[in-house]
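K.L.:
After the structure tokens below, expect a handful of questions from me.
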Amino acid sequence: MLTKSYQERTVLYAFLLVPIFFGASYFLLHFYVDGDQVHYHRFYNSLKFATFQEVPSLALAQLSSREVLSPYLIWIGASLGIDKNVYVSFLNVLLLSGIFLILRKHHVSWLAVALVLTNFYTVVLLTGAERLKIAFIIIVYAFYFSGLVRNVLLFLSPMAHFQSLLFFPSIIFCTLAKDVKIFLRRRAIRVSSFRMVVVAGLSSFFIAYFFWDGIFIKGASHAARDTSALELLNIIILSFVSIFVAVNKFRIMMALLPFYPMIAILGGMRINMLAVVTVIYLLMVEHKLNHPAMILMLTYFSYKSVPFIKNIIVYGNGFF
């Protein structure tokens, strides 16, 4: 249970870390000028004098984006005349502060916090994946809060980036893990769980119905890419380590299960990102993120950041 003094200290630490978060973000964005950032810079500049009504067409033309939330959030900074790297760094501060707050809320060690903040996938979100970054900001704060606020934010996250929809099967499978056990033993299911599945299904249907073109095109583009054996191996290793560490082994197995067919259909890197985030969250709430096996795995992901950052500085593109 969190004491008031602990919460206050955590918020104070987050506030003190803001200049470091902002400085690191601005440093990386200053050098990241190639790859996807070419399109994002062009899009940002085109928004400076764009009207509210013109934003969707510009997002579609320049980013192939049909999302409704992230283009407008980017438009706010551009229309105010804020330098792009400065504005995106503010967004990065929101992301990193949210990650820090939720980790410390669950008493994750400072070492594990540092490793998550320097995780390869965290650095990718800070630099090359701007719409996905906005979706992750929403998701991070969704799980920092609870109740209605959490549900509303989770519902909004796909409108920032459709890839957020890929979290939903994992969330449903994870939530239903206990019910699956009950069903296997007693052939029964709780009414509350059935209601949750119906609500989640209807919400997913609503989003998919109104934004099907964008979801289909984005999915097709990822499906066209080859899935290497290494990408599949990564999630297999992640699964074994996380199941070994977890208290509720069946729940984490259920949560990871939907990612396997996703990798086969859509390709590996972004799906592995979702799987890593899922594992970090579930082990965090079990207070198992400080386990030596997870510290070792988190160290590996932080080490992966080193060549990525080097590529940014040398070539202007982390994926060079």
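The values are calculated or read from the model by the stated rules, or taken from the named source; none is laboratory data. Note that this is a predicted model, so its numbers are computed, not measured. When we count neighbours, we look across all protein chains shown, and the Cβ atoms used for this are built from the backbone with ideal geometry, even at glycine. Ligands, DNA and RNA are excluded from the accessible area calculation, which covers all protein heavy atoms including side chains. Shrake-Rupley method; radii C 1.70, N 1.55, O 1.52, S 1.80 Å.
K.L.:
Out of SER57, SER79, report the one residue that is surrounded by 15 or more Cβ atoms within 10 Å (Cβ to Cβ) and of a type in the set (Gly, Ala, Ser).
P.N.:
From the options SER57, SER79, the qualifying one is SER79.
K.L.:
(1) open to solvent by 30 Å² or more (accessible area, probe 1.4 Å); (2) assigned to a helix (DSSP H, G or I): which one isn't true of SER242, the others all being true?
P.N.:
Against the list (1) open to solvent by 30 Å² or more (accessible area, probe 1.4 Å); (2) assigned to a helix (DSSP H, G or I), SER242 comes up short only on (1).
K.L.:
Hand me the list of helices (runs of 4 or more DSSP H) wholly inside the stretch 46-123 holding 2 or more residues that are touching a residue at least 24 places away in the same chain (Cβ under 8 Å).
P.N.:
70-79, 84-105, 110-117
K.L.:
Hey, does the stretch 143-161 have a residue that's open to solvent by less than 70 Å² (accessible area, probe 1.4 Å) and modelled with pLDDT under 60?
P.N.:
Within the stretch 143-161 (the criterion being open to solvent by less than 70 Å² (accessible area, probe 1.4 Å) and modelled with pLDDT under 60), the answer is no, since none of the residues qualifies.
K.L.:
Sticking with this structure for a sec: In the stretch 35-51, how many residues are surrounded by 15 or more Cβ atoms within 10 Å (Cβ to Cβ) and over 20 Å from ILE134 (Cα atoms)?
P.N.:
Total satisfying the criteria: 1.
K.L.:
Does TYR281 satisfy the condition of being at pLDDT 95 or above, open to solvent by 70 Å² or more (accessible area, probe 1.4 Å) and touching a Phe, Trp or Tyr at 6+ places or on another chain (Cβ under 9 Å)?
P.N.:
No; evaluated as a whole, the condition is false for this residue.
K.L.:
In addition: Please specify each residue of the stretch 254-273 satisfying the condition of being in a loop (DSSP other than H, G, I, E, B), open to solvent by less than 10 Å² (accessible area, probe 1.4 Å) and either in contact with a Pro (Cβ under 8 Å, 6 or more places away or on another chain) or at pLDDT 90 or above (or both).
P.N.:
Listed by number, the list is empty, since nothing qualifies.
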